[in-house]
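Working notes, structure below.
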Ligand code: NAD
């Protein structure tokens, strides 16, 4: 069988890590047909839009995509292609396993945390009011009328939107994941003590959903405390479910626990579509240097193989990655903080993984 996969190289270091991943995936012996799709500034320059319809159509048709990171201009320019893609395709769940592999330079051994991040709501709603615009002035007036609160006229406003449906859906996803993968506990993260109508809604929905899963332990943590607990005692956590922003921040924090962003894979999922993408961004300063770690993207490829039902190939590839990390000779600079001069480049890591695959 040949799997039809949409391949979005992205930009910055994206093309290098996706190429490394494509090569190792093909070396597993599983057959793929790659439907190449371009987004971001290259698409903006050639097609006048950073997210062409043809890309969305390709992902909808194939239902599975492998995606490199895409740069988002800060402050001005086009809005995030990553956020738009998730919204357009209804990819409501972001799944980010954070697991230590022996040999990775991490503070702890045996961390194995699954972050489930809500992917479409919260402060990523994209509903913003620019300082000084008539729309911002109307909203400031409405707030004054209805809440009696004074918001400075020179304020910009971004909406934090959390719905009951969205909260129930992501918490259900986390519990279903926990049940299917024999996990014992789900921790919901929030700041409901301060944001009673958004995070409070998320928390009450989480508590309701938890009652449907008596076989799985449930607890909640306020996000600031959660951050400290993760750094001091990460082993107490199993599956962690959070609204969009906290999930984003905690994903990077957990990546830091297991050796860095170069080892943190991920997927954005709806009930029908799966887009596999590492947690890290486009790291523009390293673009084109054959320098960054492709493991996060390769491990996202392992997740893709599991999604496709290619469990044996996924196990072989994950073992090959683990062996290359443990051996420590053919790894990038981030996994060699003590001896960065002896590090190899992105494509050499892929070569080493392919060599391991062929000997396993
Ligand atoms: P980043 O994740 O790109 O990089 C931060 C730092 O992490 C890098 O400077 C590097 O030191 C390290 N790093 C990242 N990936 C690595 C890898 N594979 N191997 C080794 N080290 C790695 O974050 P940023 O610099 O804040 O963001 C750069 C751009 O990426 C921004 O435009 C941002 O919007 C975008 N971004 C995109 C995605 C996505 O496409 N899903 C995710 C996050 C950020």
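No value in this document is a laboratory result; all are computed from the given coordinates. In this text, all values refer to a predicted model and were calculated from it rather than measured experimentally. Heads up, the Cβs are rebuilt from the backbone with ideal geometry, glycines too, and the neighbour counts pull from every protein chain shown.
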Distance in nm between label sites at residue 329 and residue 74, each 7 Å beyond Cα in the beta-carbon direction?
4.0 nm
Part-to-part distance (alpha-carbon centres) for the stretch 248-312 and the stretch 99-116, which is given in Å:
14 Å
Measure nothing but the geometry: give the 0 to 90° angle between the long axis through the Cα atoms of 244-257 and the longest principal axis through the Cα atoms of the chain, rounded to 10°.
40 degrees
Against the longest alpha carbon principal axis of the chain, how many degrees, from 0 to 90 and to the nearest 10, is the axis of helix 295-307 turned?
90 degrees
If one takes the longest principal axis of the Cα atoms in the chain, at what angle in degrees, from 0 to 90 and to the nearest 10, does the Cα axis of helix 311-327 lie?
80 degrees
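In nm, what is the difference between 0.36 nm times the number of residues separating residue 224 and residue 88 and their Cα-Cα distance?
Separation in residues times 0.36 nm, less the Cα-Cα distance, equals 45.8 nm.
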Using only Cα atoms, what is the ratio of the radius of gyration of the chain to 2.2 N^0.38 Å?
1.02
Cα convex hull of the stretch 1-125 - mean projected area over all directions, nm²:
10.0 nm²
Per principal axis, descending, Cα span of the stretch 167-223 in whole Å:
34, 18, 15
Based on the Kirkwood radius over alpha-carbon pairs, what is the Stokes-Einstein translational diffusion coefficient of the stretch 209-268 at 10 °C with 1.306 mPa s viscosity, in µm²/s?
124 µm²/s
What is the calculated FRET efficiency for residue 306 to residue 45, with r their C-beta to C-beta distance and R₀ = 45 Å, to the nearest 0.05?
0.80
Counting DSSP beta bridges with both ends in the chain, the antiparallel % (nearest 5)
40 percent
Stretched out fully, how many nm does the piece from residue 1 to residue 236 gain, at 0.36 nm a residue minus the Cα gap?
80.5 nm
Going from the fewest other Cβ atoms within 10 Å to the most, one would list 189, 239 as 239, 189
The simple spin-label model distance between residue 338 and residue 155, using points 7 Å out along Cα→Cβ, in nm, is 5.2 nm
